[in-house]
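Below is one structure, written out as structure tokens; comments come after it.
The values are calculated or read from the model by the stated rules, or taken from the named source; none is laboratory data. Everything numeric here is computed off the predicted structure, so don't read it as measured data. For neighbour counting, all protein chains shown are included, and Cβ atoms are generated from backbone atoms with ideal geometry for every residue, glycine included.
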Amino acid sequence: MEVHHTEKMGFILTKTIFNVFLPYSLKEGDMRYKCLSIVALTIIISLVSNASAQQDERQYLTRDSYKNAVRIALPSVVSIRVRLILPYSPVEGKESPLGGGGSGVIIDREGYILTNKHVIDGSVRTIRVTLSDGQEFPATLKGKSSDTDLALIKIENMPQDIRVAEFRDFSTVEPGEIVVAIGSPFGLRETVTKGIVSAIRVDMVNPETNTPIHAMVQTDAAINSGNSGGPLLDLDGKVIGINTFILSRTGGSVGLGFAIPANVAQIVYKELKGEKKTQGWIGVQTQKATRDLIRVFGLPADASCLVVTAIVPDGPAQKAGLKQGDCISIKTTDDLTQTDPMSFEWSIRDYSIDSVISLTVVSRAGIRTVRIVVEEKPEQ
């Protein structure tokens with residue numbers, strides 16, 4: 001293995017010190033040489049440590065890093081093709097050449113696949129799914145979510161040795177992380193692109209559906225038509241988001257892609273599959289604490305929390321004594337993801353009806369614990 005130039009310099013300095021300065025200082029007892037030896041050794045240790053860290057980083061960011069992520073995740077990524085059925089065709093049931101397509105993620109061994117709602121929306125269609133090994137299956141729509149632009153489809157007789165996608169907790173994702181996108185842009189199956197997490201965006205509007213989405217993972221990895229529904233992955237091959245839309249004046253990728261967070265996708269999957277028929281709700285709106293909010297509500301200057309900015313009258317939170325201006329501590333007493341308002345809301349949405357959650361709350365009056373009985377989310 002090639003030795004880094006800094007490490008070579010460290011070896012030279014070490015040799016010089018041990019062969020020249022150190023023997024002389026020990027022999028002559030000159031304090032100046034002793035001090036010089038100590039300082040030089042300190043510099044060497046710092047140089048070698050930094051060089052080792054840089055070498056580790058270089059090894060981690062090799063092309064094999066991307067290759068490994070793709071090797072792990074690719075078998076769980078599918079290509080989706082949809083076609084209109086022409087009711088007026090001379091040949092009954094004939095497929096129209098009109099249609100579209102996208103990508104999807106195999107989410108369990110029963111044959112369920114998560115994709116975007118806009119991929120399969122529209123008139124009556126046939127849906128066909130192509131696995132990474134080229135096998136093709138018809139699929140049926142099992143459910144769709146308008147507020148998240150996600151849909152669940154299913155293929156029968158799923159091969160038992162199929163790879164199922166592994167999801168990562170969205171709350172651990174940070175801007176600057178390297179990510180990989182896999183999909184079928186313009187029908188080109190198994191296309192891989194790379195980039196970083198550019199930002200975590202809140203309160204965006206999905207231009208595909210014109211619906212608000214509380215949080216999105218922004219990336220500069222190239223995402224184009226046909227990538228919708230495919231995964232955005234970390235370097236361990238874990239799904240951190242479902243690629244959903246781009247912002248572009250040209251229609252092509254300009255480095256502004258957006259993905260539905262993995263935690264949201266997993267909850268919607270359970271709802272659409274029927275494993276969870278209700279959505280938990282406590283009736284609050286929150287915002288991450290800012291200096292302005294901390295000043296307005298008289299909170300501690302170092303408060304790390306979600307500020308309650310609105311509360312539903314007679315809702316579960318108000319009944320439990322939660323008030324506007326209360327600050328819900330991120331270090332709560334329950335296993336709730338609270339790094340941002342979206343994660344908090346979706347964590348509660350996953351709770352069972354009538355379950356009780358305990359929140360640590362900071363306010364002008366001090367710190368207290370509030371116990372809230374979760375109710376079913378009312379229809380909009």
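Miscellaneous remarks
- Note on segment 108-152: among residues that are touching a residue at least 40 places away in the same chain (Cβ under 8 Å), among the polar types (S, T, N, Q) and part of a strand (DSSP E or B), the one that is farthest from Asn263 (Cα to Cα) is Thr126.
- Listed by position, the strands (runs of 3 or more DSSP E) enclosed by segment 269-329 that each have at least 3 residues that are at pLDDT 85 or above are 284-288, 305-311.
- If you filter segment 224-251 down to residues that are over 17 Å from Leu150 (Cα atoms) and of a type in the set (A, V, I, L, M, F, W, C), you find that the one that is modelled with the lowest pLDDT is Leu247.
- Residues that are of a type in the set (Gly, Ala, Ser) and at pLDDT below 90, drawn from segment 64-100: Ser65, Ser89, Gly93, Ser96, Gly99, Gly100
- Pair list, Cβ under 8 Å, 6 or more apart: segment 267-287 residue in contact (Cβ under 8 Å) with a residue 24 or more places away in the chain, other residue of a type in the set (Phe, Trp, Tyr) and not in a loop (DSSP other than H, G, I, E, B): Ile267/Trp346; Tyr269/Tyr112; Lys273/Tyr112; Thr286/Phe344
- Contact annotation: residue pairs with Cβ atoms under 6 Å, 6 or more positions apart or on different chains, pairing a residue in segment 292-305 that is within 10 Å of Arg364 (Cα to Cα) with a partner that is surrounded by 18 or more Cβ atoms within 10 Å (Cβ to Cβ), are Leu299/Cys327.
Each row is one residue, and each column tells you yes or no for (1) hydroxyl-bearing (Ser, Thr, Tyr); (2) touching a Gly at 6+ places or on another chain (Cβ under 8 Å).
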residue: Gly226; (1), (2): no, yes
residue: Gly237; (1), (2): no, no
residue: Gly252; (1), (2): no, no
residue: Gly255; (1), (2): no, yes
residue: Tyr269; (1), (2): yes, no
residue: Leu272; (1), (2): no, yes
residue: Thr278; (1), (2): yes, no
residue: Gln287; (1), (2): no, no
residue: Leu306; (1), (2): no, no
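- Summed over segment 115-129, residues that are over 25 Å from the mean Cα position of the chain (by Cα) and either at pLDDT 90 or above or not charged (D, E, K, R) (or both) total 6.
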